[in-house]
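Participant: This structure is in structure tokens; I'll ask about it shortly.
Nothing in this text is a laboratory measurement; each read-out follows from the coordinates by a stated rule. Predicted model, so just to flag it, every value in this text is computed and none were measured. Reconstructed Cβ throughout: ideal geometry from the backbone, glycine too, with neighbour counts over all protein chains shown.
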Amino acid sequence: MMLALLLTLLLQTPDTTEVLKGSVVTAYRQPDKVIPAQALQGEQLQRLNALSVADAIRYFSGVQIKDYGGIGGLKTINVRSMGTQHVGVFYDGIQLGNAQNGQIDLGKYSLENLESVTLYNGQKGTAVQSAKDYASASAVYLRTRTPVFQDGRRTNLKATLAGGSFGTVNPSVLWEQKLGEKVSNSFNAEYLYTTGKYKFTYRKLNGYDTTAVRQNGDVRAFRIEEGLHGRIPDGNWKLKLYFYDSERGYPGAFVREEPGKFRHEDRQWDTDFFAQGSLYKELGDWHLNASFKYAYDYLHYRSDPRLDVSTMYVDNRYRQQEAYASVAQEYRITNWWDVDLAVDYQFNTLDADLVNFVYPSRHTVLSALSSSLRWEKLKLQGSLLYTFVDDKAREAGAAAESRHHWTPTAVLQLIPFRDKNLSFRAFYKRIFRMPTLNDLYYTFIGNKYLKPEFTTQYDAGLTWDKNWARGLFRRVELTVDAYYNEVENKIIATPASNQFQWTMVNLGLVRIRGVDAAVGTLLALGPVTTSVRLTYTYQKAQDFTDPSSPWYGGQIPYIPWHSGSAVAGFDWKGWHLNYSFIYTGERYEAVANIPENYAQPWYTSDLSLSREFPLGAHSLKGTLEVNNLFNQQYEVVQCYPMPGTNFRLILSWIL
């Protein structure tokens with residue numbers, strides 16, 4: 001399939017299906033909305049050399065992934081330099097939550113059962129969406145497979161065994177069963193084990209290059225997903241159960257001056273569970289979407305200075321619970337004018353075995369009113385989001401004061417010509433994020449008087465695409481966006497009475513100017529079909545926090561001025577060759593833009609070759625991956641070296 005930037009939005013209701021060489025890809029009806037998206041789906045998603053969601057999202061423009069090394073390292077996403085907490089991550093349309101620290105570890109989510117990964121800047125803007133969909137500066141949507149049965153079949157079965165470098169073993173099974181004409185079941189289980197040990201090269205202080213082995217990066221993870229999918233007249237419903245359990249080591253920072261001194265024995269245990277469901281129904285011009293969720297997350301973190309003298313002793317357990325419900329509705333006044341109203345309620349609790357912990361809970365109510373106007377050449381959309389947050393604590397006076405804010409969004413799309421190959425767009429969005437429970441209440445660190453962070457986004461861009469029935473080029477898609485963002489009341493940590501006690505304060509003001517560009521092509525070279533996708537990002541993200549600082553106006557940490565990616569796929573007589581390239585330019589690793597904090601550019605190249613072989617009524621698919629083909633020695637985060645050249649072999653038996 002073509003690896004290209006998708007410029008349309010996805011609805012929940014499947015409209016058509018396409019069979020691609022033994023795999024079923026579900027396409028979705030394209031709604032008449034105005035905000036484009038970057039997406040990878042179906043076969044193009046599976047062909048990337050990607051183990052987790054974080055690996056796939058690296059290929060989107062305007063994105064930075066913070067990777068703390070290896071398979072077991074924490075992986076978080078930052079979009080257009082506004083911060084991890086300003087990115088909403090949605091799983092089958094319902095947001096993944098972490099009220100404790102606001103960060104979603106994308107390394108915990110596998111691609112095995114995913115149908116698509118989509119990134120929206122601003123907001124999704126699809127009809128009958130929840131109020132949560134309006135409540136983030138940008139959003140990532142992860143959509144799992146919807147069972148599709150061909151030729152009267154009632155069962156789909158896929159068993160996969162993957163293995164490779166670092167002692168990695170990764171078996172999984174996907175079983176889909178048709179339970180009736182309108183109900184189907186989907187079961188997916190996956191296990192992952194890796195030692196996480198890999199060699200890397202470093203330069204000794206005032207010395208020579210040498211090699212060390214990354215330690216304490218082992219992972220044992222087990223995931224189960226169970227889903228029920230049903231159709232009703234003019235609608236559908238879904239139920240999902242999700243369970244994840246893991247133990248992992250955190251390899252920690254590598255100190256060049258004294259290699260081997262710090263063994264980094266930090267360990268983390270996670271147990272996550274959620275149950276969620278949704279119902280979509282059309283009643284003439286009135287459409288309804290209702291959803292609910294309950295989630296329980298357990299985290300145990302241990303750090304022992306007897307094993308690693310660079311750390312303090314920590315042995316804490318955290319338990320989060322979340323209850324969520326949403327009702328969204330749309331009324332089509334005319335064929336060119338829609339009005340949408342959504343109301344969400346969420347309740348969070350956090351328990352921890354910390355000294356003097358206040359045991360906070362949080363009530364959140366969101367309400368969004370939006371409207372869309374559509375004419376032949378002009379489309380307009382506007383929304384107004386109301387957010388109310390009320391915290392409680394066991395100790396009187398320990399909770400932060402209640403907050404409520406109104407935040408607007410306005411979107412425009414102009415199609416100047418009848419052939420609709422060229423379109424212009426612009427949007428304005430203001431949004432805020434409430435401080436996390438850690439920001440407000442973490443013992444000796446939290447500050448209940450923190451103000452929310454506010455972001456303001458301006459974006460203007462264009463899209464052009466063209467199809468040809470003959471010739472070398474069969475399709476070309478081009479998108480370019482220029483944007484300006486501001487983050488106000490940035491929450492940062494500063495030292496308090498000593499270096500071991502910090503506190504959270506509002507100090508930051510960050511201004512971001514940037515350009516995102518992407519081009520995708522489909523070429524026919526005789527029997528060879530070739531698809532190419534290129535992305536480029538320029539960002540100038542400046543810190544204007546303190547005018548008296550010598551670093552005032554400098555580039556913020558870990559944001560490169562230039563970055564980009566390339567993906568090329570070649571199909572020939574059932575063979576699939578895929579090449580992927582990622583480039584991150586020069587940047588600084590601290591607020592002080594000085595030579596000591598300068599970080600060199602890095603790049604990686606990945607290569608994969610796959611083929612599906614028929615075995616009677618079944619088939620066997622084999623894939624060989626070579627990652628970091630040229631053994632690039634690099635660090636995404638300072639002192640967290642990444643793996644060199646490594647391999648993965650994947651065998652899938654498909655019934």
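Participant: Could I have the simple spin-label model distance between LEU422 and LEU228, label points 7 Å from Cα toward Cβ, reported in nm to one decimal?
Facilitator: Going from the LEU422 label point to the LEU228 one covers 5.3 nm.
Participant: In which sequence would MET642, MET82 go, from the one with the fewest C-beta neighbours within 10 Å to the one with the most?
Facilitator: Lowest count first: MET642, MET82.
Participant: Which values of log₁₀ I(q)/I(0), to two decimal places, follow from the Debye formula for the range 76-229 at q = 0.17, 0.20 Å⁻¹ with a uniform point scatterer at every Cα?
Facilitator: For the requested q values the scattering log ratios are -1.12, -1.22.
Participant: Additional query: Can you work out the FRET efficiency for the pair LEU649 and GLN150, with r the C-beta to C-beta distance and R0 = 41 Å, to the nearest 0.05?
Facilitator: FRET efficiency, LEU649 to GLN150: 0.90.
Participant: Note down the nm distance, to one decimal, between modelled labels 7 Å out along Cα→Cβ at HIS562 and at LEU239.
Facilitator: 5.5
Participant: Return SER291, SER548 ranked ascending by Cβ neighbour count within 10 Å, so the fewest neighbours appear first.
Facilitator: SER548, SER291
Participant: How much FRET efficiency would the formula 1/(1 + (r/R0)^6) give for GLU596 and ALA460, where r is the Cβ-Cβ distance and R0 is 45 Å, rounded to 0.05?
Facilitator: 0.75
Participant: Next question. Length gain on complete extension for the stretch ALA410 to VAL339, per 0.36 nm per residue less the alpha carbon to alpha carbon distance?
Facilitator: Numbers: separation 71, 0.36 × 71 = 25.56 nm, distance 1.43 nm.
Residue separation times 0.36 nm, minus the Cα-Cα distance, leaves 24.1 nm.
Participant: How many percent of the alpha carbon pairs in the range 518-604 exceed a separation of 17 Å?
Facilitator: Percent of Cα pairs beyond 17 Å in the range 518-604: 61.
Participant: So, one more: Using only the Cα atoms, what convex hull volume per residue in Å³ does the range 14-654 have?
Facilitator: Looking at the range 14-654, the number lands at 159 Å³ per residue.
Participant: Zone of ALA482 (label point 7 Å along Cα→Cβ, backbone N under 20 Å): which residues in the range 509-551?
Facilitator: Residues 511-519, 535-542 fall inside that zone.
Participant: Can you list, largest first and rounded to whole Å, the semi-axes you get for the range 422-462 by taking the square root of 5 times each eigenvalue of its Cα gyration tensor? Walk me through the numbers before you get to the answer.
Facilitator: Values: eigenvalues 265, 14, 6 Å².
Square roots of five times the eigenvalues give 36, 8, 5 Å.
Participant: A further question on this structure: Would you list ASP67, ASP351 from fewest to most Cβ contacts within 10 Å?
Facilitator: ASP351, ASP67
Participant: For the range 259-404, taking Cα atoms only, what is the radius of gyration to one decimal and the Dmax to the nearest whole Å?
Facilitator: Spelled out, the Cα radius of gyration and Dmax of the range 259-404 are 22.9, 70 Å.
Participant: Work out the FRET efficiency for ASP351 and THR210 from their Cβ-Cβ distance, taking R0 = 35 Å, and round it to the nearest 0.05.
Facilitator: On the way: r = 46 Å, r/R0 = 1.31.
So, using R0 = 35 Å, E works out to roughly 0.15.
Participant: Measure up LYS238/LYS377; LYS182/LYS293; LYS182/LYS420; LYS377/LYS429 against 27 Å on the Cα-Cα distance and list the ones that go over.
Facilitator: LYS238/LYS377; LYS182/LYS420
Participant: Continuing with this model, one more query. Could you give the length gained on full extension between PHE544 and ARG302, defined as 0.36 nm per residue of separation minus the Cα-Cα distance, in nm?
Facilitator: 83.5 nm
Participant: Treat each spin label as a single point 7 Å out from the Cα along the C-beta direction, and report the GLU586 to CYS639 distance in nm.
Facilitator: 2.4
Participant: Measure out, as a whole number of angstrom, how far apart the alpha-carbon centroids of the range 319-340 and the range 417-469 sit.
Facilitator: 20
Participant: To continue, here is another question. Could I get the Rg over Rh figure for the range 318-476? Both from C-alpha atoms, Rh via Kirkwood, rounded to two places. The partial results should precede the final answer.
Facilitator: Numbers: Rg = 22.5 Å, Rh = 19.3 Å.
Taking Rg over the Kirkwood Rh, I get 1.16.
Participant: Relative contact order for the range 14-654: what is it in percent, counting Cα pairs under 8 Å that are at least 6 residues apart? Don't jump to the answer; show the numbers that get you there.
Facilitator: Working: 1789 pairs, mean separation 66.4, N = 641.
It comes to 10 percent, rounded to a whole number.
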